[in-house]
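The values are calculated or read from the model by the stated rules, or taken from the named source; none is laboratory data. Since the model is a prediction, treat every value here as computed from it, not as a measurement. Note: ideal-geometry Cβ built from the backbone for every residue, glycine included; neighbour counts use all protein chains shown. Ligands, DNA and RNA are stripped out before the accessible areas are found, and what is left, the full protein with its side chains, is counted by its heavy atoms. Shrake-Rupley method; radii C 1.70, N 1.55, O 1.52, S 1.80 Å.
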Protein chains: 2
Amino acid sequence: MKFTEEMFATHMRSITGSAIREIFKLLGRPGMISFAGGNPSTSALEPEVISEISAEVLAKYGATLLQYGATDGFGPFRESAAEFLRTAQVNCTAETLLPVQGGSQAFDLLLKALINPGDVILCESPTFLGAIQAMREYNAKLVAMPTDDQGVIVEAAEELIKRHHPKMMYVIPTFQNPTGITLSLERRKALAALAEKYGVVIAEDDPYRDLRYSGEALPPIQSFDTEGWVVYMSSFSKYVAPGLRLGAAAVNNPTLLRKMVIGKQSADVHSPLLVQAIVDAYLRKGLMPGHLKRICGDYKLQLDAMLDGFKWFPEGTKHTVPEGGLFVWAELPEGADGMRVFNAAVEAGVAFVPGTHFYPDGGHLNTMRLNFSMSDIPTIQTGMERLGGVIAKELAR
Amino acid sequence: MKFTEEMFATHMRSITGSAIREIFKLLGRPGMISFAGGNPSTSALEPEVISEISAEVLAKYGATLLQYGATDGFGPFRESAAEFLRTAQVNCTAETLLPVQGGSQAFDLLLKALINPGDVILCESPTFLGAIQAMREYNAKLVAMPTDDQGVIVEAAEELIKRHHPKMMYVIPTFQNPTGITLSLERRKALAALAEKYGVVIAEDDPYRDLRYSGEALPPIQSFDTEGWVVYMSSFSKYVAPGLRLGAAAVNNPTLLRKMVIGKQSADVHSPLLVQAIVDAYLRKGLMPGHLKRICGDYKLQLDAMLDGFKWFPEGTKHTVPEGGLFVWAELPEGADGMRVFNAAVEAGVAFVPGTHFYPDGGHLNTMRLNFSMSDIPTIQTGMERLGGVIAKELAR
C-alpha cells in the first residue's frame, strides 16, 4: 500500500513550514547580508566559558548528570532560574519553575495541556510565526487582537473575550517579535485583570526582556496575577546560547504545572541534565549581569545603526523604534509589495523576513521584519542602503 | 474566576501519571533495594569521558554549538548516528535520520504527525508504560495484540488489522520492556510485510538492541521494509547516558520525516547541539564497541544473579529468561495480588513495578517487572530472597 497525505493527522496536513525555510536557504549565498534571522550575535556566545563550566559541573556532579533525572527539573537549576526570574519581578519559586527546551517547549506543553481542537486563542497580529505554527498544530482557532504602539489594546481584547470565549491569550509583552513594541505598564495590569475576570490563561512569552538598551524595565503581566492564570515563559536562548535549548516556565497553578509535567514526561522525559547544570552554574557564578551588559552595549549600537539606516528608505516608510530586543518592524507605503521587494532584495544581496508571514491571516504585504543582532555596523549600513535602493526601485515601477 | 479541571484538553484530563511516580518516591527510603527503575548502572556512565569530549567539541566547533541549529539535526551527528544504526542493519542514511530527545520524542513526534483522536494503535500487552501514556495523550484507541514467548503473534495481529484498521502498530522488538522477550526473525519479516500490505505505520522502539548478553543479534523489522512504513527509533540513553536525552529515528518516508521535523520545530526547535556533538564524537572515536562490551559483561552477571534468585520464589512462579536488556518479567501463581505483594515488599525493603501498570487495560495483578541493572550482585541476591519471602507469605494468607 502507498503512503498518502490522508495518513497524517488532520491538523498536520496543511502545515508545510516552508516559507521561512526557503528564506533561510537563501542566506547561504556568498555575500548575502541577512536581516532575516533572530539569532544572537556570534560575539555574544562564549564557547570557552561554557566549556570550562561543563568540565566543572561534570566533575562536581559526576554520573548524576548522565543518569535519568526528574521531569520537573534539576533541583539546583530550578532554584537559580527562579532566582533569576525573580530579578525580573516574576512571581515564582523553585517549585513553580519548570525547565524546558527553550520557550518553544513551554508553549507547546501549555497548548498540549489546554487546547482542544477548535478552542480559540487570542494573539497579537503580527506575532511570532513559530507560535502560529504551534497553535495550528493543536488545531486552535486564532483570533487577532488589535494592537497599537503600546501593544495589545485592552478594550478591544475584552470585546474579543466576550465574543469568542477564548481559552488562552498569547502575548509577547517586551520587544515583541516581530514588531519590537513593548506592552505598557497599565496594559500589563489590565491584561492580568482580564485573565482573572474571564478565566483566560495568558501565555506570556518574554524571551527578550533583558535585552533592553534604553528606557525602564517593566514588571511582567504575571506579576499582577494572583490566581495563577498567567504562565510566564522565559528562555536562555537570547541570554546565554540558543544551541543549548534551555528555557524556564513559571507556572503558579499547581494543577496546570502538573499537566505540563505529564506532557513533558511523554515528550522527552526531562531536559538534559548537563545543560541544566551548565546554565545553573552560569547563573550561580554571577556571570549573567556582566554578560547582559556587554551584549546590550553592542546590540544598542547595532540597533542605532539600523534605525539610522532608514534614511535610505523612501519617504512614507514607517518603522518602530524599539527599546530593546532583536527586531525592527517597517511598513512601506501602502501598495508596496513586500514579496516583490523581498525577491529583488535577495537578488541585490540582502535578506529580511516579509511581514506577511507573521500575520495569522496573511496580508499586510507592505511590512517587513528586520533583525540587527547578526550583522556588524558597517554591514547594517550597507544592507540598509541596498534595501532602500531596492524599495525605491520597486515603488517606482 | 477559578481554574477548573474542565479547562484542560479532554485527552489530558484523565492522565495523572501518578502510579509510577508514587513508586519512585518510595525508592528514596534508606536501605531500599530497587528493582523498580529502568536506569543504566551508575558504573556504566562515564562522566570523565564525556567531560573530555565536551571540551574537545567546544574547542573544535566553537560558537557554532551555541548558536541555533537546524531542526533536522547537526550534520556530523546525523552521519555518525546513521552509521551506528547501519551496524544494527537499520536501513538509513544521514538524510533519513532525525536526532531527537531520546526515543520518547521520536514516538511523540510520530504520534503528533499521524494520530487523530480515536485512531487505533495496536500494541503489545504488556508494553512500555511511557508509551501507553503518550498514546493516550493523543487520544488514540489502544488495541492489545496477543503475544507469546516469541513476541507478537502475527496471525492474531493480522486479524486485528482487518477488524480495527489501525493507523499504527507500536512494537518493542528486542528485550521488550517490560517482558524482556525478543521478537523472532520470522515474525520481524512477517510484521514488515503486514505493514506494507495493509498500510500500517510500525513504530519500532528498539532502545535495548545492543544490550545483548547471549544469542545472535537480529535485524530490525525496519530492515525488511521497502516502502517506508517502519519508523525505527533508537536511543543513546541505554548505551551512553540517559541524562543527555539523545536518540535517533530512521524515517525513510520523506513526507513523514518532513512532518516530524515540523512537529519538532514547534516542540523544541532542535536538539541541543552540544549534546549532538558529544555523542557524535563518542561514536567517531570508536568508543561504543568497547563500552558496550564492558557494560554487557557486567549486566550479564547481574541478569544471571536475578534469574538464579527465582529459586527463592514460590513454586508455580513463571519468569522470562531474556537474552539481554534490563528487565525480567515474572508471573506469580494465579490469584496472587501483585499490589498486596508490592506493599509488603516495600515494607520489607525491596521495590519493583507491579505488572498491571504495563497493561493498557490493567488487570494481570499477578505480574511484576524486575530490573537488574541498578543493583550489584549481592544486592540482587538479598533482594530476590527478601522478595521470595514476601511472596510466600502473601500466598499463604
Could you grab me the full set of residues in the stretch B:321-340 that are open to solvent by 50 Å² or more (accessible area, probe 1.4 Å) and closer than 26 Å to B:LEU301 by Cβ? B:VAL321, B:GLU323, B:GLU331
From the list A:ALA156, A:ALA193, exactly one residue is without any contact (Cβ under 8 Å) to a residue 12 or more places away in the chain and either assigned to a loop (DSSP other than H, G, I, E, B) or surrounded by fewer than 23 Cβ atoms within 10 Å (Cβ to Cβ) (or both). Which is it? A:ALA156
Residue check, A:ASN177 at pLDDT 95 or above and open to solvent by 20 Å² or more (accessible area, probe 1.4 Å): no
Per the filter on the stretch A:341-381, residues open to solvent by less than 40 Å² (accessible area, probe 1.4 Å) and of a type in the set (D, E, K, R) are A:ARG369
In this structure, does B:TYR213 turn out to be open to solvent by 10 Å² or more (accessible area, probe 1.4 Å), closer than 16 Å to B:LYS167 by Cα and in contact (Cβ under 8 Å) with a residue 24 or more places away in the chain? no
Residue satisfying condition, being touching a Ser or Thr at 6+ places or on another chain (Cβ under 8 Å) and either under 21 Å from B:VAL269 (Cβ atoms) or open to solvent by 50 Å² or more (accessible area, probe 1.4 Å) (or both), within set B:LEU111, B:LEU65, B:LEU58, B:LEU85: B:LEU58
Test B:ARG21 against the criterion of being more than 8 Å from chain A (Cβ to nearest Cβ), open to solvent by 30 Å² or more (accessible area, probe 1.4 Å) and assigned to a loop (DSSP other than H, G, I, E, B), and give yes or no. no
Odd one out for B:ALA113, checked against (1) more than 9 Å from every other protein chain (Cβ to nearest Cβ); (2) within 24 Å of B:ALA250 (Cα to Cα): (1)
Find the residue count for the stretch B:276-295, including only residues that are open to solvent by 50 Å² or more (accessible area, probe 1.4 Å), more than 16 Å from B:PRO40 (Cβ to Cβ) and touching a residue at least 40 places away in the same chain (Cβ under 8 Å). 2
Go through the stretch B:34-49 and give me each residue that's surrounded by 17 or more Cβ atoms within 10 Å (Cβ to Cβ) and within 7 Å of chain A (Cβ to nearest Cβ). B:ASN39, B:LEU45, B:PRO47
In the stretch A:216-229, anything in contact with a Pro (Cβ under 8 Å, 6 or more places away or on another chain) and either crowded, with 24+ Cβ neighbours inside 10 Å or closer than 18 Å to A:LEU287 by Cβ (or both) is listed as A:PRO220, A:ILE221
Could we say that B:LEU26 is crowded, with 20+ Cβ neighbours inside 10 Å and within 30 Å of B:GLN381 (Cα to Cα) here? no
Matching option when the condition is open to solvent by less than 40 Å² (accessible area, probe 1.4 Å), more than 10 Å from every other protein chain (Cβ to nearest Cβ) and either hydrophobic (A, V, I, L, M, F, W, C) or in contact with a Lys or Arg (Cβ under 6 Å, 6 or more places away or on another chain) (or both), among B:LEU246, B:LEU273, B:LEU303: B:LEU303
Which residue out of B:ARG294, B:ARG284 is more than 13 Å from chain A (Cβ to nearest Cβ) and within 23 Å of the chain's Cα centre (by Cα)? B:ARG294
Can you tell which of A:GLU79, A:GLU95 is among the acidic types (Asp, Glu), more than 8 Å from every other protein chain (Cβ to nearest Cβ), open to solvent by 30 Å² or more (accessible area, probe 1.4 Å) and out of contact with any strand residue (DSSP E or B) (no Cβ under 9 Å at 6 or more places or on another chain)? A:GLU95
Might you check whether a residue that is in a loop (DSSP other than H, G, I, E, B) and either without any contact (Cβ under 8 Å) to a residue 40 or more places away in the chain or facing chain B (nearest Cβ under 10 Å) (or both) occurs anywhere in the stretch A:50-64? no
